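**Q** Let me begin by handing over the structure; questions about it come next.
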Amino acid sequence: MQAFDYHPVSTVNEALALLAREGAGARLLNGGTDLLAQLKEGRRSANHVIDIKRIPELSEVRELQDGGIWLGAAVTCRTLSHHAVWRERFPGLHDATHLIGGVQIQGRATVVGNLCNASPAADSIPALIVHRVQVCIAGPSGLRRVPVEGFCTAPGRTVLLPGEVVVALEVPPPPAEFGAAYLRFIPRNEMDIAVAGAAVAVELGGEGSRFQSVRVALGAVGPTPLAVDAIGARLAGRPVAEVSLDEIASLARAAARPISDLRGTLAQRRHLAGVLTVRALRVAIDRARRSVTPPPLSPPL
Amino acid sequence: MPSVPASSSETAAPAWRVVGTRPVRPDGVDKVTGRALYGADLSLPGMLTGRVLRSPLAHARIKKIDTSAARALPGVRAVVTSADLPRAADRIEDLGEGAINLRYLSDNLLAGEKVLYHGHAIAAVAATSASIAEQALALIRVDYEPLAPVMTVTEALKPDAPLLLADLHTDRMGQRDAAPSNVASHLRHERGKLEEGFRKAALIIDRRFRTETVHQGYIEPQAATAQVQADGQVTIWSSTQGIFAVRSQVAEVLGLPVSQIKVVPTEIGGGFGGKISVYLEPLAVLLSRHAGFLPVRLVMSRTEVLTSTGPTSGSDIRIRIGADAEGRLTAMQAELYYEAGAYPGSPVGAAAVVSFAPYACDTMRVDGYDVVVNRPRASAYRAPGGTNVAFAVESVIDELAESLDLDPIEMRLINAVREGDRRPDNLPLSKIGYVECLQALRQSDHYRTPLTGRHRGRGVACGYWGNWGGQSSATAVLNSDGSVGFNVASTDIGGSRASLAMQLAESLGIDYSQVKPRIGDTDSVSYNDVTGGSRTTFATGWAAYELGQKLSAELRQRLALLWEVPVDTVTRQGDGFAAGEKRVGFAEAARLACEDAPLMVSTTVHPKGYGAAFSVQCADVEVDPDTGKVTVLRYTIVQDAGKAVHPSYVEGQMQGGVAQGIGWALNEEYVYNEKGELLNGSLLDYRMPTACDLPMIDTVIVEVPNPGHPYGVRGVGEVNIIPPAGTLANAIHRATGVRLTALPMSPPRVLAALWDKSGYSPFA
Amino acid sequence: MRKKSVLEFTLNGETRAVLCEPQQTLLEVLRDELRLTGTKEGCSNGNCGACNVLLDGVLVNSCLILALEVQGRTLLTVEGLARSDGTLHPLQQAFLDHAALQCGICTPGFLLSAKALLDEHPLPTESQVRFWLAGNLCRCTGYDKIVRAVLDVARTQAAQPPSVSATPV
Amino acid sequence: MARVLIPALLQPLAGGNAEVAAEGASVGEVIRALEVTFPGLAVRLVQDGRLRPGISVAVDGVISHRGLRETVNPASEVIFVAALSGG
């Protein structure tokens, strides 16, 4: 691996100061499961690596008074797997954070790292989108918040400006009769990058009979994870019983803008966008109807 | 728990004391505690780190290599290119892995005039640290003249295809075509009158198949260390399947006498045929020689392993088979085009024999073509060539059986070869256990349990592998406490220390725990062929057996002298020896026998009675019609082991071969872009099965003793990988009604096949 | 070359100090500086599990961690699994008894993953075992005997009180 | 005389025969005898005084490693086959 200096900082301000001083040669190190692999393969370079894991508040999962969650940037997927509130009240997010990498990747990988890596196939981002998560960014001019669906701008690119650090994610409280799910397709059953992914969140009304609102986001079928507003617009206010799954699949396919690459074909991805959206919608409806009942605690297998 | 061996031998099996038990392997503790030293674990004083510069292009002429900046970098001790290799003779030699032209072997180590694949080695450096070595690589300038890559059989056979090797002419069993070609050779096996046979058929199925390049996928990357002394003596530490194969390859390409080279084996982290050809060892020797005789260690990265070491061939295959209304085969025809990679030497020869070997049919023709393409040079991979062709043949047989409304096992029983029947190359089969395997599967719980549920199907396929004997040597030293030091030079790649020590213990009539096996270097034990070809437990086992017999005879001699009785009155009794009233336990006999002089015996063997192996397999799958994903629900492998010396390791071979076969069948493939760059050179995207992708793999060991071995052993290492692709293709067909004719049967391919059938389009 | 730093951490129950460069991974420092070669390198980017270790009890790939990240922390490698008197950890013994290794290069990583699993789920289902071992590639065994060995240890330990923990940390 | 099975690609050189009889106490002698009857056949089997690379000979069903020196009996069956490799 290329040579660099290592800076284990203990405050956000220290990190900001280093970023300001070292400019483009500095890289933030969080879980490291993407960054170190990229540095080894020469896909990214660094003169200074700033480790933010020792900043105490960034490892916190705070339950907010309104029922939302403040998720520190350095919280690992493994920590979240053991977090009862995360698991029970944010099922779409739990689905995603539980299947990033294998167990040993989970021990290091963070949701914020997955977001900032900005892979079109990132598992967490579609789920973050449908859960309406805000990204909290610290920078030279203070703190700002951006909605997660606007965070990624291109493969590997985000709205982060030079010198900025994502410090946390703010997850709003789920409404009543809420359910969400994230599903992805991989050729194996573990240790793969999503060929396509779909997250769906629904808010039902009328004792589970009517859609209040629906949010859908797709992964790995465009240059960034895609929010699919057309499905929400089509379903809002409609009775659940009248939904045409074929129509939903068709809307999802129409929204997908995939390419063919070594991990999948264009046709396959376009098709999977429909399949996964419908499957995730079913799970989300089911969870909303049982929204008092938590999803299973054990691994999905 | 491990399955119960289904013994189907007709006569009562002899009662062995050690053979057939399941002791802990002698090297086990070292391997579970992390103490065992593998190729990359070696460290020597002053050792330098080597790195290899590899071609980013698939096909190009090298105009110039400038290493001056790299040589000038502080910390760099040596830089070598093909200019440092002696000019190799244009001569064909068998150096452990079949015949190879030495010039090609040399060019594959360090590219000469041309690079022939993405990842082709161009230069190597040795430096005082890895990071300096990597910096040095970046300073080497190579000027290329890019050439159009030739990536597949189809492209290679085009009349205007670029030629990879200007001097390559198709060899047709000793006759060279006049014009140069990308087809290195053509072979044919034939018997009977083909078209007459097809005229007798009630049904003829004629299909074309494609399989992709796949890699052995051993978890330990290649690693080699070399130190040259000022007097020219060379020591090489290598993670290899065959230390003598390394010695002969290094000697030939570097022009050194074998007496000057000692090869020391490290533990080896998997090979499956891929660690026979050398890639690093000659470079390490050159670097050490140029670096002031310091030791140099070279370890490949995973990407280098995938881009630059031997995968096995992709192939285009046509199979045409006719059967009469009763299911009896009337004619069989195969056309096999195997991609050899950059240099000739695909396993198409073995494939041509495997093809129709399980079928008794007196009318067949098999044509095989060895085709060069701009991919890494193919090397052996477990039953080389077998899986490709069996996928094709077993698919067609299944289609015939289904069309004729025959049970797939019954179809194979009707046509099964038996002792005395001939393979496609007309060699007669000796005693085999194929019919017994088919019967064992038919009687298995798996096959007798109906499969229910939607999108599910059950497939059956079979496979033949000829196995190999080869040469082995070993020595045994009797210690005065009755224990035996046992020196072999067959690399232990999966528990052979145990299976060999067990045969020596059995032969000598002592406890397994009293045999202390040790893997020697090329100077300490005489010649051994590679651990490969399913030969070690068979052939080196023969040597172990002979050592036991010789030691026993020598002990009787010495006891006879001591006791002053004729030697033929000294007999084995219980755990020791007796003559008349006199009797001693083995340990006491050893003490007495060694009083005057130490006792050591040695043996060399070259057994030829390696019995052929058959395997029959059955899989239940479920296919997700929306995603094309295939889930293996249940898998049973039946295999004739002759005699399972250590049943756990026989089961392990069976399960491991099936696992590799399932990976090959469902997801593994080399993905190249149009420029010939390998896109998936990592274990993330070269998708080998994980623990989540496989079910338990049930094993049924059939034991039809091989008359060519004292304990009836047949090789068990390879045949198991031959049937899985066909087994799964047939299961997928029964589950979905579609027949996949290309490997891997990955989700996008399954989806496309399902869409073809249904008329669905994701763009509608 | 960048300035070397002193890394102090607890390794297999002992406090260790070692000089390392900032860009060295934990795997490199274990193997090249501390000469603990039981932790293996199969891919160097987190896809094979051969380098798995337990960091503060959490299963991680040592190839994807900078050595300096473990400053002050506690690490368990395969060399620390057996007791100092040589008694093997029950998982090590079970791997031997079940013939759960062939070439053995992946075995250290599997042992650490299996230990992490059993520490968290003492009586796992077969599916859980496969899920926890999915990050460890084995090319020899087809996983069958490995899964059986882990399940066997779990059942045996469930039948006895867990006083047999053989690890020093 | 030994029975010799001629590989398909060499049959045109052996008068189109798949099987011929030939005299000889060794594989080398059998090939010399074949050459007398079928000129041009030997060069396809032998190179530099040994079997061509890539060609093996089986006598009575057993692949020989002795090549041209392998013993042949009057009742023997001699088969020339493509050499194979294993993994």
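Where a number appears in this text, it was derived from the coordinates with a stated rule and is not lab data. Fair warning: this is a prediction, and the values are worked out from it, not measured in the lab. Don't worry about glycine lacking a Cβ; one is built from the backbone with ideal geometry, like all the others, and counts go over all protein chains shown.
**Q** What does the helix-only formula give at 222 nm for chain B: each DSSP H stretch with n ≥ 4 adding -39500 (n - 2.57), the total divided by the residues, and the result rounded to the nearest 500 deg cm²/dmol?
**A** -8000 deg cm²/dmol
**Q** Find out how many positive minus negative residues lie around A:L99, taking Lys and Arg as positive, Asp and Glu as negative, among other residues whose Cβ is under 9 Å from that of A:L99.
**A** Local net charge: -2.
**Q** Taking H placed 1.01 Å from N in the peptide plane, check which residues at least 5 places from B:A60 or on another chain put their amide H under 5 Å from its amide H.
**A** HN-HN under 5 Å from B:A60: B:V115, B:L147.
**Q** For peptide C:61-71, what's the mean number of Cβ atoms from other chains within 10 Å of each residue's Cβ?
**A** 6
**Q** How much length would be gained if the chain were fully extended between B:A764 and B:M600, taking 0.36 nm per residue of separation minus their Cα-Cα distance, in nm to one decimal?
**A** 51.1 nm
**Q** List the residues, sorted by chain then number, that are 5 or more residues from D:V72 or on another chain and whose placed amide H is less than 5 Å from its amide H.
**A** D:S26, D:V27
**Q** Follow-up question, since we're still on this one. List every residue whose amide H lies under 5 Å from the amide H of B:L203, counting only residues 5 or more places away in sequence or on a different chain, with H placed 1.01 Å from N in the peptide plane.
**A** Here B:A323 satisfy the definition.
**Q** Kindly write out, for region B:307-312 in residue order, the coupling ³J(HN,Hα) from the Karplus curve 6.51 cos²θ - 1.76 cosθ + 1.60 (θ = phi - 60°), rounded to whole Hz, with x marking Gly and Pro.
**A** Calculated HN-Hα couplings, in order: 7, 10, 10, x, x, 10 Hz.
**Q** Modelling each spin label as a point 7 Å along the Cα-to-Cβ direction, I'd like the A:R54/B:A178 distance in nm, to one decimal.
**A** 7.8 nm
**Q** Separate question: Can you give me the C-alpha center-to-center distance between region D:26-77 and region B:56-81, rounded to a whole angstrom?
**A** Measuring centre to centre over Cα atoms gives 48 Å.
**Q** Expressed as a rounded percentage, what relative contact order does region B:89-244 have, with Cα pairs under 8 Å and six or more residues apart?
**A** Once normalised by length, the contact order is 9 percent.
**Q** From the C-alpha gyration tensor of region B:469-605, pull out the three semi-axes of the equivalent ellipsoid (sqrt of 5λ each), sorted largest to smallest, in whole Å.
**A** Whole-Å semi-axes of the equivalent ellipsoid: 29, 13, 12.
**Q** Next question. Work out the FRET efficiency for A:W70 and C:T15 from their Cβ-Cβ distance, taking R0 = 30 Å, and round it to the nearest 0.05.
**A** Computed FRET efficiency for A:W70 and C:T15: 0.25.
**Q** With N residues in region B:642-764, what two-decimal value do you get for its Cα radius of gyration over 2.2 N^0.38 Å?
**A** Cα Rg divided by the expected 2.2 N^0.38 Å: 1.36.
**Q** Only bridges with both residues in chain B count here: give the DSSP antiparallel percent, nearest 5.
**A** Just about 75 percent of them are antiparallel.
**Q** Can you pull the one-decimal nm distance between simple spin-label points at D:A75 and B:R22, each 7 Å off the Cα toward Cβ?
**A** Output for this residue pair reads 4.6 nm.
**Q** With the dipole of region B:683-764 worked out from charges on the C-beta (+1 for Lys and Arg, -1 for Asp and Glu) around the Cα centre, which of B:V702, B:H733, B:P744 lies farthest toward the positive end?
**A** My answer, from the dipole projection, is B:H733.
**Q** Still on this structure, please answer the following. Can you compute the FRET efficiency between A:V85 and B:E134 using 1/(1 + (r/R0)^6), with r the Cβ-Cβ distance and R0 = 51 Å? Round to the nearest 0.05.
**A** Taking R0 as 51 Å, the efficiency between A:V85 and B:E134 is 0.65.
**Q** On to the next question. Dividing the convex hull volume of the Cα atoms of the protein assembly as shown by its residue count, what figure in Å³ per residue is obtained?
**A** 186 Å³
**Q** Taking the Cβ-Cβ separation of B:S43 and B:A202 as r and a Förster radius of 60 Å, what is the calculated FRET efficiency to the nearest 0.05?
**A** 0.30
**Q** Which of the chymotrypsin sites (Phe, Trp or Tyr not before Pro) found in region B:448-504 are loop residues per DSSP with 15 or fewer other Cβ atoms within 10 Å of their Cβ?
**A** none
**Q** Sticking with this one: Quote to one decimal, in nm, the extra length available between C:R83 and C:A159 on full extension: 0.36 nm per residue of separation minus the C-alpha distance between them.
**A** 25.2 nm
**Q** Let me ask another. Quick one: grab the alpha carbon gyration tensor of chain C, order the square roots of its eigenvalues as a ≥ b ≥ c, and give me rounded if a/c is under 1.5, else prolate or oblate depending on whether a/b is larger than b/c.
**A** Note, shape of chain C comes out prolate.
**Q** Can I ask one more? Relative contact order of chain C: what whole-number percent is it, with Cα pairs under 8 angstrom and at least 6 residues apart?
**A** Once normalised by length, the contact order is 24 percent.
**Q** Residue by residue, what Karplus-based ³J(HN,Hα) values in Hz, rounded to whole numbers, does region B:462-479 have, using 6.51, -1.76 and 1.60 with θ = phi - 60° and x for Gly and Pro?
**A** Once θ is set to phi - 60°, the couplings for region B:462-479 become 10, x, 10, 9, x, 6, 7, x, x, 9, 9, 9, 6, 10, 10, 10, 8, 8 Hz.
**Q** Follow-up question, since we're still on this one. Order B:588-600, B:604-616 from most to least packed using the mean count of other Cβ atoms within 10 Å.
**A** Result, highest mean Cβ count within 10 Å first: B:604-616, B:588-600.
**Q** Continuing with this model, one more query. Whole Å is fine, so just give me how far the alpha carbon centre of region B:179-219 lies from that of region B:414-449.
**A** Each part reduced to its Cα centre gives a spacing of 22 Å.
**Q** If you bin every alpha carbon distance in region C:58-154 into 10 Å steps from zero, what whole percent lands in each bin?
**A** 15, 48, 30, 7
**Q** Let me ask you something else. Got the relative contact order for region D:2-82 handy, in percent, Cα pairs under 8 Å and 6 or more residues apart?
**A** 38 percent
**Q** Just to confirm my numbers, what's the Cα centroid distance between region B:275-289 and region A:35-112 in Å?
**A** Their Cα centres are 44 Å away from one another.
**Q** Is it possible to state the helix-based mean residue ellipticity at 222 nm for chain A, with each DSSP H run of 4+ residues giving -39500 (n - 2.57), the sum divided by total residues, to the nearest 500 deg cm²/dmol? What is it?
**A** -9000 deg cm²/dmol
**Q** Could you check the simple spin-label distance between B:D523 and A:R21, using points 7 Å along Cα→Cβ, in nm with one decimal?
**A** 5.6 nm
**Q** Something else about it: What shape does chain B have by the C-alpha gyration tensor, where a ≥ b ≥ c are the square roots of the eigenvalues, rounded means a/c under 1.5, and otherwise prolate means a/b greater than b/c and oblate the rest?
**A** oblate
**Q** Have a look at A:L28, C:Q92, C:C140 and report the one farthest towards the positive end of the charge dipole of the protein assembly as shown, computed about the Cα centre with Cβ charges (Lys/Arg +1, Asp/Glu -1).
**A** My answer, from the dipole projection, is A:L28.
**Q** Across region B:508-519, in residue order, what do the Karplus-derived ³J(HN,Hα) couplings come to in whole Hz, using 6.51 cos²θ - 1.76 cosθ + 1.60 with θ = phi - 60° and x for Gly and Pro?
**A** Once θ is set to phi - 60°, the couplings for region B:508-519 become 8, x, 10, 5, 4, 5, 8, 9, 10, x, 8, 8 Hz.
**Q** Let me ask something else. From the square roots a ≥ b ≥ c of the eigenvalues of the alpha-carbon gyration tensor of chain D, which class results: rounded (a/c under 1.5), prolate (a/b over b/c), or oblate?
**A** Here chain D falls in the rounded category.
**Q** Put +1 on the Cβ of every Lys and Arg and -1 on every Asp and Glu Cβ in region B:469-605; which of B:G495, B:V605, B:V515 then has its Cα farthest towards the positive end of the dipole?
**A** So the residue furthest toward the plus end is B:G495.
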